[in-house]
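See structure below.
Derivation of every value follows stated rules applied to the coordinates shown; laboratory data play no part. In this text the structure is predicted, and so the values were computed from the model without any measurement. FYI the Cβ positions are ideal-geometry reconstructions off the backbone, even for glycines, and counts take in every protein chain you see.
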C-alpha cells in the first residue's frame, strides 16, 4: 500500500554526484536519508550506515553506484530479503550491480516489494526475461536523465566544453582516469 513519504526512510547506495543530488532533492519531503558509500563522507542530514543496515531500515532504496569491478553483483537476494514490508528498490545506476536472477526470485517470493529498474543486464533484457512479466516491477528503457529537453542540455554542455578546449580554457566538466574508477 502507498503510505506517502512523510517519515519514510530513503536509503541511498553511493554518494557520488547523483547520490548527493538525490539527497539534496529529498530535503523538503520530511524523509530520513541514510546512505552507504565506503568512499564518501556524509553530507548534512544524511546518516552513513552499512549496506545490510540500509536495506533493513529503508522504505525506499535507490542505487547510484558506479559500474566498477568492486560493485559488480554487490546487490543480491541477501540484501533484498532484508527489505521492509512494502519497500521499493530503485536502480538507475547500472544493471550489472544487481544480481538480476536473485532480484527476480525475491520479487516472486515477496509480492509486497516493488522494484523500479531503469537499467538491466543485459540491456535491453531479452524478450523472454521474467522482468517483463513481474507485476511488482516497473521496467523503463534506460531513460533516467534523458527525458524531454535533458538530452539537449547535455548536447549544449558538450558543445560548450569543446569550445573551451579549442580556446585553451580550463574545462568545467573534465574527467580524469582516476575519476572514472569512482563514477557511475
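Which residues among the range 62-77 fall inside the zone where the amide N is under 15 Å from a point 7 Å beyond the Cα of residue 25, along Cα→Cβ?
Only 62-65 pass the distance filter.
Name the shape class, rounded, prolate or oblate, that the alpha-carbon gyration tensor gives for the range 62-142, where a ≥ b ≥ c are the square roots of its eigenvalues, rounded holds for a/c under 1.5, and otherwise prolate holds if a/b is larger than b/c and oblate otherwise.
oblate
Please build a GNM for the chain, connecting alpha carbons under 10 Å apart, and tell me which residue among 40, 87, 77 fluctuates the most.
Among 40, 87, 77, the largest GNM mean-square fluctuation belongs to 40.
Of 70, 14, 155, which is the most mobile in a GNM of the chain whose springs link Cα atoms less than 10 angstrom apart?
Sorting by GNM fluctuation, first place goes to 155.
At what distance in nm do the modelled label points of residue 140 and residue 72 sit from each other, each positioned 7 Å from its Cα along Cα→Cβ?
A separation of 2.8 nm, rounded to one decimal place.
Only Cα pairs within less than 10 Å get springs; with that Gaussian network setup on the chain, which residue of 48, 74, 158 has the largest fluctuation?
With Cα springs under 10 Å in the chain, the top fluctuation among 48, 74, 158 is at 158.
What full-extension length gain, to one decimal in nm, is calculated for residue 164 and residue 85 as 0.36 nm per residue of separation minus the Cα-Cα distance?
Here the answer is 23.4 nm.
Need the full-extension length gain, residue 32 to residue 152, defined as separation in residues times 0.36 nm minus the C-alpha distance. One decimal, nm.
Answer, rounded to one decimal: 39.8 nm.
For residue 44 and residue 105 in one chain, what is 0.36 nm times their gap in residues minus the Cα-Cα distance, to one decimal in nm?
Residue separation times 0.36 nm, minus the Cα-Cα distance, leaves 18.3 nm.
Any chance you could list P(r) for the range 9-144, counting all Cα-Cα pairs in 10 angstrom bins from zero, rounded to whole %?
With a bin width of 10 Å, the distribution comes to 13, 46, 34, 7, 0.
Calculate how steeply helix 150-167 sits against the longest principal axis of the alpha-carbon atoms of the chain, using the helix alpha-carbon long axis, and give the answer as 0 to 90 degrees to the nearest 10.
With rounding to tens, the tilt is 30 degrees.
How high is the relative contact order of the chain, in percent, with contacts defined as C-alpha pairs under 8 Å that are six or more residues apart?
17
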